[in-house]
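Data block below; observations after.
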């Protein structure tokens, strides 16, 4: 779907990006809340078991939170490029998806590592 659609009068709608803002702001806020809550719960016990694992999680959380803040800034920005709204929105959406994928892959890796540890070493 193109953002720069023409209405019946042949004029481009200036507020095309505004129709996507509320949902992206809400989703970004929810994921930021999850990430901050996870960080609050994880931080007191972060490096007690594994330094390498702690560093991986810390980098993951930091990069994810950073990307989600950039997404929030971009989608709330008032002076976005009107002549290039499609590219601006697609870039913002890509940053959002990357910001969400990073912690999911980190959690997946942690689950696999724990499973391998349990299977091969019998630890809990």
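A few notes on this one:
- Folded to 0 to 90 degrees: helix 51-76 orientation relative to the chain principal axis, Cα: 10 degrees
- Here the simple spin-label model places points 7 Å from the Cα toward Cβ, and for residue 119 and residue 39 these points are separated by 3.4 nm.
- Summarising the label geometry, the points placed 7 Å from Cα in the beta-carbon direction at residue 82 and residue 70 lie 2.7 nm from one another.
- Build a GNM of the chain with springs between Cα atoms under 10 Å apart, and of 100, 55, 65 the one that fluctuates most is 55.
- Matching the structure-derived log10 I(q)/I(0) by the Debye sum over Cα atoms at q = 0.17 Å⁻¹ against the labelled list (1) -0.88; (2) -0.80; (3) -1.04 gives the label (1).
- Neighbour-count ranking [beta-carbon atoms within 10 angstrom, fewest first] of 107, 102, 112: 112, 107, 102
- Normalised contact order of the range 17-121, rounded percent, pairs of Cα under 8 Å and 6 or more residues apart: 33 percent
- Between helix 21-42 and the chain: long-axis angle, C-alpha atoms, 0 to 90°, nearest 10: 20 degrees
- In plain terms, the residue of 67, 93 with the fewest other Cβ atoms within 10 Å comes first and the most crowded comes last, giving 93, 67.
- Ranked for footprinting exposure by Cβ neighbours inside 10 Å, fewest first, 115, 32 give 115, 32.
- Between helix 85-121 and the chain: long-axis angle, C-alpha atoms, 0 to 90°, nearest 10: 10 degrees
Every number here is computed from the coordinates shown, using simple stated rules; none is lab data. Keep in mind the model is a prediction, meaning the values are calculated, not measured. So basically every Cβ, Gly included, is an ideal-geometry build from the backbone, and we count neighbours across all protein chains shown.
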